[in-house]
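Since the structure comes first, as structure tokens, the remarks are kept for the end.
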Amino acid sequence: RILRVAASDRALRSLRSFAVLLNGGKGTGKRHMVNSAARALGYHVYETTLTPLRGLPEDRAAKRLRQMLHDGAQVSPCIIHLRHFHALAPVAAGSEQPNEP
């Protein structure tokens, strides 16, 4: 839901033309794949982590994510590499770690 709210911004609509979600364990080559694709397309890579959004209220998390996407758009054309996607999962009461989906 946070992604949907953040991506609803009119200025970001042009960024939604293509999206891929890469998932895999540590050291499986996700970053290498992103960098290789960017190099092949002649795009920049804008890499950012979503861990600062962990535990924020939905409206604040969406606002911060929207700012991250705007920052990435400044180096357009680019691939925006959102790292630590799991940080958007709900956090269990009293837990430091997000719940597994």
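The values are calculated or read from the model by the stated rules, or taken from the named source; none is laboratory data. Computed from a prediction, not measured in an experiment: that's the story for all the values here. Quick reminder, even Gly has a Cβ in these numbers, built from the backbone with ideal geometry, and neighbours come from all protein chains shown. The area values use the complete protein model at the heavy-atom level, side chains included, leaving out ligands, DNA and RNA. Shrake-Rupley method; radii C 1.70, N 1.55, O 1.52, S 1.80 Å.
Looking only at residues in region 1-40 that are in a helix (DSSP H, G or I) and basic (Lys, Arg), the one that is modelled with the lowest pLDDT is Arg16.
Here is the figure for region 41-57: residues that are at pLDDT 85 or above, part of a helix (DSSP H, G or I) and surrounded by fewer than 16 Cβ atoms within 10 Å (Cβ to Cβ) total 2.
For region 52-82, residues that are under 27 Å from Gly27 (Cα atoms) and touching a Lys or Arg at 6+ places or on another chain (Cβ under 8 Å) total 3.
In region 75-101, of all residues being open to solvent by less than 60 Å² (accessible area, probe 1.4 Å) and assigned to a helix (DSSP H, G or I), the one that is modelled with the highest pLDDT corresponds to Ala87. If I filter region 42-62 for residues that are touching a residue at least 60 places away in the same chain (Cβ under 8 Å) and aliphatic (A, V, I, L, M), do I get at least one hit? Looking for residues that are touching a residue at least 60 places away in the same chain (Cβ under 8 Å) and aliphatic (A, V, I, L, M), one finds at least one in region 42-62, hence yes.
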